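Data first, discussion second: the structure below is written as structure tokens.
Quick note: the coordinates plus some simple rules give every number you see, no bench work behind them. This structure is a prediction, so every number in the text was calculated from the model and none was measured. Note that each Cβ is placed from the backbone with ideal geometry, even for glycine, and that neighbours are counted across all protein chains shown.
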Amino acid sequence: MTQDMKLKLPIGYWLKQADNLLTEQINKAHATHGVSRFDWQVLNTLKDVGSASRERMFETLQTFVDRSHFNGILTSLVERGWIEPRKGPQSGVEEFQLTEQGERQHEVLFATQKEVRQRAMQGISEAEYATVIRVLQQIVNNLGGTSEESG
């Protein structure tokens, strides 16, 4: 395909290609640990927020996985001893958090994740990346979503 033809492809094509390749490369990089992109996203979300309810985490991942797949991810991570459920101190709702083993595993996976990110971002400046994010957020907003959901 020529460069002219590539430039005429719609944004949806490039979004889908980028997402498919990110998933493929992240899964490949984490395969030695038996972790998928979506397992990583749960672990990383918990690392960022400390603890979160099942619903809060599903809201973040529902663009990528259905509820059944998501529940399977949580079950698998609990069985591995990487996350644990507990009652939220104020709400009483079940929340999940990383265990000590999960914290250690996150560190190992984060190093691998950084390598994938560096490869993906080669030749892209921080300003260019910020522009892409702003444009995509605006597209989401224009089409009736909220940039919060896409983040």
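Per DSSP helix of 4 or more residues, -39500 (n - 2.57); summed, then divided by the residues of the chain. What does that give at 222 nm, rounded to the nearest 500?
Values: 8 runs with 102 residues, N = 151.
Value at 222 nm, helices only, nearest 500: -21500 deg cm²/dmol.
For the chain, take the longest principal axis of its alpha carbons; what is the angle in degrees between that and the long axis of helix 11-30, to the nearest 10 within 0 to 90?
40
Which value, in debye to the nearest 20, describes the size of the charge dipole of the stretch 74-151 about its Cα centre when Lys and Arg Cβ atoms bear +1, Asp and Glu Cβ atoms bear -1, and nothing else is charged?
On the way: 8 positive and 12 negative charges, 31 e Å.
That gives a dipole near 160 debye.
Work out the P(r) tail for the chain: percent of alpha carbon pairs separated by more than 26 Å, whole number. Don't jump to the answer; show the numbers that get you there.
Details: 3921 of 11325 pairs.
Distances greater than 26 Å cover 35 percent of the Cα pairs.
Binning at 5 Å from 0, report for the stretch 45-95 what percent of all alpha-carbon pair distances ends up in each bin.
It works out to 4, 20, 29, 29, 15, 3, in whole percents.
Hand me the tally of lysine pairs in the chain: alpha carbons under 25 angstrom apart, and the pair either on different chains or 8 or more positions apart. Before the final figure, lay out the partial values.
Numbers: Lys6/Lys16; Lys8/Lys16; Lys16/Lys28; Lys16/Lys114; Lys28/Lys47; Lys28/Lys114; Lys47/Lys87; Lys47/Lys114.
The number of close lysine pairs in the chain is 8.
Using only the alpha-carbon atoms, how far is helix 67-79 inclined from the longest principal axis of the chain? Give it as 0 to 90 degrees, nearest 10.
Tilt of helix 67-79: around 50 degrees.
Quick check for me: using +1 on Lys/Arg Cβ and -1 on Asp/Glu Cβ, what's the dipole size of the stretch 4-82 about its Cα centre, in debye to the nearest 20?
On the way: 10 positive and 9 negative charges, 22 e Å.
About 100 debye.
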